[in-house]
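Below: one structure, written as structure tokens.
Every number in this text was worked out from the coordinates using simple rules, so none of it is lab data. Please read all numbers here as calculations on a predicted model, not as lab measurements. All Cβ positions, glycine included, derive from the backbone under ideal geometry; neighbour counts span all protein chains shown.
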Amino acid sequence: MRIHVIGINYWPEQTGIAVFSTGRAEYLAARGHQVTVCSAVPYYPEWRVAAAYRRRPFAREQRAGVDLRRCPIYVPSTVNAPRRVLHEASFVASAFLRSLCCRRPDLLLVVSPPVGLAVAAAMLSWIWRVPYVFHVEDLQPDAAVDLGMIRGSSIVRMLYAVERLAYRRAAAVSTLNDAMRDRVIAKGIPAGKVVLFSGWADPALFDLNAETDDAPLRAQLGLSDAFVVLHAGNMGVKQGLDVVIDAASRMQAVPDLLFVLVGDGAVRPALEARVHRLGLSNVRIVPLLSHDQFLRLLATAGVCLVTQQRSVADIVFPSKVLTLLAAGKATVASVNANSQVAHAIQAAGAGEVVVPENPGALIAAIERLRADRARRATMAADGRAYARRLWDRETTLARQARTLEAIAVGHPFHDVSSAPDHR
């Protein structure tokens, strides 16, 4: 079977959507399918095109059995709403044109965001006369409205019109968890058409010794012997990372405690400027690490953080939740109590959920867990067991592959009732 995939993020990007799009495509190829991927040149989360691709915007590569075709994209040096619209529109256009140069597939799989790929999906599906699956990693229009990132009723109406096009024309809509699925259904999409394609945990995380204290890495990153409170991943608007800086500013007098933020993203420069302005010696902001270094730092951390703005509830589900639970790390989640993140942390018994955007609540939870090593160990074990049960890589990908295969040949596809419940 020939499967054509369109998604803005892919290998060698190491965070977020890219990890899952890459893993899914390579799994399908290993299963014997002919998989073609049209993806942007790598740029995320640094918001800068990787040096190796700056003169190769139409590069064609082969990796793990996948035919990978790069598409040029406009990457703004400073991200704001108008520039982000241009950024996404440039990929929608280039991916559509690049796809037209590919062989007709049996199935089209489109990964959103950007939601504008709905236009390319509908047109290609009509031209090729093949079904498409619209995979929703982020309810982008809802996020833009809830976070105040886009203002103006005409733009909002346009976004929701594109979203409706995506959902109604698709053979199936897939998304990450029950809360996001419920939101899609609430938009008027039949429940039987909406399936779960959750993420999965890196198998290496289950073998991580969460009690390791890596002295060489500590020396390399300047962590001394401090108790490390770690946030790793994208640094964007949704993460609401100001609460971490606020907490750090109140804990400067606490000895041997260090906040470490690892990653990159649109708000990283502002965070660095604020740390410098406040003179915070208990904060380290570290660029993206290699996979091996990241695992070593994760093992060394005493407590890990997941933060989101208050308005974020069921519009996203950050992959760091899977990572932290599978790695056996006690976690403090500064998130909306009604969010899927909160439900997962509480169901797993993997940490504490505190009021978002509240540095006092964050500090209290960190201090409680720092003082109780036995409790941290129990949370670590419980979280890892939960992750193994829900987010096993082989089980998750095999289920998704069977669903896609059924859709391609017009058979009834995998019913959501047989997928694991993430509530």
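Quick check: the angle from helix 153-169's long axis to the longest principal axis of the chain, C-alpha only, nearest 10 degrees?
It is inclined by approximately 60 degrees.
For residue 262, enumerate residues with amide H under 5 Å from its amide H, sequence gap 5+ or separate chain, H modeled in the peptide plane.
So residue 262 has HN proximity to 231, 232, 233, 286.
For a quick check: with amide H placed at 1.01 Å from N, whose amide H comes under 5 Å from residue 3's, ignoring anything fewer than 5 positions away on the same chain?
The answer is 34, 35, 36, 106.
Among rounded, prolate and oblate, which fits segment 203-390 when a ≥ b ≥ c are the square roots of the eigenvalues of its C-alpha gyration tensor, a/c under 1.5 means rounded, and a/b larger than b/c means prolate?
rounded
Tell me which of 258, 221, 344 sits at the most positive position along the dipole axis of segment 203-390, charges placed on C-beta atoms (Lys, Arg +1; Asp, Glu -1).
Projecting each Cα onto the dipole axis, the largest value belongs to 344.
Let me check I've understood the local charge: for residue 264, count other residues with C-beta under 15 angstrom from its C-beta, Lys and Arg +1, Asp and Glu -1. What total comes out?
Its environment carries a net charge of +2.
In debye, nearest 20, what is the charge dipole magnitude of the chain about its Cα centre with +1 on Lys and Arg Cβ and -1 on Asp and Glu Cβ, if you could check?
The dipole of the chain has a size of about 1320 debye.
Taking the DSSP beta bridges in the chain as the whole, what percent of them are antiparallel, to the nearest 5?
If I count the DSSP bridges inside the chain, around 10 percent turn out antiparallel.
Tell me whether the chain comes out rounded, prolate or oblate; compute the Cα gyration tensor, take square roots of the eigenvalues as a ≥ b ≥ c, and use a/c under 1.5 as the rounded threshold.
In terms of gyration-tensor shape, prolate.
At a 10 Å Cβ-Cβ cut-off, how would you order 391, 128, fewest neighbours first?
Exposure proxy ranking, most exposed first: 128, 391.
Read phi for every residue in segment 199-214 and hand back ³J(HN,Hα) as whole Hz from Karplus 6.51 cos²θ - 1.76 cosθ + 1.60, θ = phi - 60°, with x for Gly and Pro.
With the stated coefficients, segment 199-214 comes to x, 9, 8, 4, x, 5, 5, 5, 9, 5, 7, 6, 9, 5, 10, 8 Hz.
Can you give the calculated 222 nm mean residue ellipticity of the chain, where each DSSP H run of n ≥ 4 adds -39,500 (n - 2.57) and the sum is split over every residue, rounded to the nearest 500 deg cm²/dmol?
So the helix-based figure for the chain works out to -13000 deg cm²/dmol.
Could you please rank 291, 343, placing first whichever residue has the fewest other Cβ atoms within 10 Å of its Cβ?
Fewest-to-most Cβ neighbours within 10 Å comes out as 291, 343.
What is the distance in Å between the Cα centroid of segment 1-60 and that of segment 340-411?
Cα centres, segment 1-60 to segment 340-411: 26 Å.
Taking H as built 1.01 Å from N, whose amide H comes closer than 5 Å to the amide H of residue 351, not counting residues under 5 places away?
Those qualifying (amide H under 5 Å, at least 5 residues apart or on another chain) are 331.
Which order do the peptides 74-87, 162-175, 56-69 come out in when sorted by mean C-beta neighbours inside 10 angstrom, highest first?
162-175, 56-69, 74-87
What angle do you read, to the nearest 10 degrees and between 0 and 90, between the alpha-carbon axis of helix 373-390 and the longest principal axis of the chain?
10 degrees
Size of the dipole of segment 67-184 about the Cα centre, Lys and Arg at +1 and Asp and Glu at -1 on the beta carbon, nothing else charged, in debye to 20? Spell out each step's value before the answer.
On the way: 15 positive and 10 negative charges, 100 e Å.
It comes to approximately 480 debye.
Relative to the first principal axis of the alpha-carbon coordinates of the chain, what is the inclination of helix 81-100, with its axis defined by its Cα atoms, in degrees from 0 to 90 and to the nearest 10?
So the inclination is approximately 40 degrees.
Rounded if a/c is under 1.5, else prolate if a/b beats b/c, else oblate: with a ≥ b ≥ c from the C-alpha gyration tensor eigenvalues square-rooted, which is segment 191-284?
Oblate is the answer for segment 191-284, as a/c is 1.5 or above yet b/c matches or exceeds a/b.
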